Amino acid sequence: MSENKRVNRVFLITILLYVGTSLGMSLLAPYIPALAGMSNYASIFLSQALIFLPGFLYCKRKETGIREFLPYRKINIASVVLVIICTYLMYPLIIVLNAISMIFTTSGSTAVMDMMQGQSFILSLLFTAALPACVEEFIFRGVLFQTYKKSRMFPAILLSGFLFGCAHMNLNQFVYAFALGIYLAFLVEATGSIFSSMVAHFTLNATSVAMTFFLPILYGQLGIEQEMSVQAGGFAANMENSELLLFLMGITIWGIIAVGTTCAAVGIYIAICKINHRWDYVKHMFSGGTREKIITVPVILAILVSFAMMGMHIYLERAV
């Protein structure tokens, strides 16, 4: 059996384990008080454990072990700073993609915002920013991407990013997570180290945590009322025509900003490559490869399950 098929089976197992556990807990919660009263941090830890465990066990069975899937080389402080700058330059693009997805659904962003309300800022940074940055990068830019790239680089970047989006199980987060996954894979190749994608991933998550905590405080001081709840069926779907027009104008303005900042991010990315002496490698990394299939039946099944969950979330939103 090819390595691609093996890791695709690992991803399918991960998705089935995650979905099965989530549905099982939902069904049992009314009868088991401990499940119903589980803290947000315990829920996050459990979800990350379910993502981590299948990949970890797969690595342990291989002779080469985990280090095969954790590309690491020392990167200097200048590279770390440039990675953070580059990531913030990508932020407007993420905002635009998130806003576009909000036309259809808001389950992802709303759930995260609601979950963080009234929680500890430090613990939120640890469980919502640091833990996913390590676990998800190990699985998606580690186990999956490092396996796929042995066949062909460009499909490996696209598929690992696509699966990263699928793993979020809702359309809202899928859209921007797909783009983010592609960016993070490019970062790993720019530095030769998965540490760079972990830094970028943490930066984005930590920024979201900070905004969730401090924006309500700022709004309160300015006397601005903040409506945290979002109507079912998609934010834009419930707007009046005039509100929808302003919403679309906002997306357009942010889109123009995103074009400029993304172009600037490309320039910073090239600088990161050159600082790490990998620019020549990156320029030629799409050449060569093998004919080995990357997309196999297990990963197709996993994608179908993920999209079924996205569809279910949208249906439940509209049914409320």
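Values in this text are rule-based calculations from the coordinates and carry no lab data. None of these values were measured; they are calculated from a predicted model. We place every Cβ from the backbone using ideal geometry, glycine too, and count neighbours over all the protein chains shown.
Worth pointing out:
- Estimated FRET transfer efficiency when R0 is 22 angstrom, pair residue 67-residue 275 (beta carbons, to 0.05): 0.35
- FRET efficiency for the pair residue 126 and residue 284, taken as 1/(1 + (r/R0)^6) with r the Cβ-Cβ distance and R0 = 45 Å, rounds to 0.70.
- Residues within the reach of a label modelled at residue 6 (point 7 angstrom out along Cα to beta-carbon, backbone nitrogen below 16 Å), restricted to the stretch 35-78, are 54-70.
- Residues 244, 131, ranked from the fewest to the most other C-beta atoms within 10 Å, line up as 244, 131.
- Of 167, 185, 258, the one that fluctuates the most in a GNM where the chain has Cα springs shorter than 10 Å: 258
- Neighbour net charge for residue 48 - beta-carbon separation under 14 angstrom, K R +1, D E -1: -2
- Neighbour-count order for 283, 149, fewest beta carbons within 10 angstrom listed first: 283, 149
- GNM flexibility winner over the chain from 169, 211, 198 (Cα, springs under 10 Å): 211
- Rough spin-label spacing in nm, given labels placed 7 Å along Cα→Cβ, for residue 301 and residue 214: 4.7
- Centre separation in Å (Cα based) which lies between the stretch 119-151 and the stretch 243-295: 20
- Longest DSSP-loop-exposure-free segment, chymotrypsin sites (Phe, Trp or Tyr not before Pro), the chain, at most 14 other Cβ within 10 Å: 73-285
- Spin-label model, residue 246/residue 88: points 7 Å from Cα along the beta carbon direction are separated by 2.9 nm.
- When each of 300, 95, 194 is scored by the number of other beta-carbon atoms lying within 10 Å, the sequence from fewest to most is 300, 95, 194.
- Divide the volume of the convex hull around the Cα atoms of the stretch 265-320 by the residue count and you get 152 Å³ per residue.
- Pairwise Cα distances in the stretch 33-174 exceed 26 Å in 36 percent of cases.
- Distance between the stretch 181-205 and the stretch 1-68 - C-alpha centres, whole angstrom: 22
- Net dipole in debye of the chain [+1 Lys, Arg Cβ; -1 Asp, Glu Cβ; about Cα centre; nearest 20]: 1540
- Rounded if a/c under 1.5, otherwise prolate or oblate - the stretch 111-212, Cα gyration tensor axes: prolate
- Helical mean residue ellipticity (222 nm; -39500 (n - 2.57) per DSSP H run of 4+; nearest 500) of the chain: -24000 deg cm²/dmol
- Non-local Lys pairs in the chain, i.e. 8 or more apart or on different chains, that have alpha carbons under 15 Å apart: 8
- The string of couplings for the stretch 122-130 from the Karplus curve (6.51, -1.76, 1.60, θ = phi - 60°) is 5, 5, 5, 4, 5, 8, 9, 10, 6 Hz, one whole number per residue in order, with x for Gly and Pro.
- Where a label projected 7 Å from the Cα of residue 291 along Cα→Cβ would reach, residues of the stretch 1-32 with amide N under 17 Å: 2
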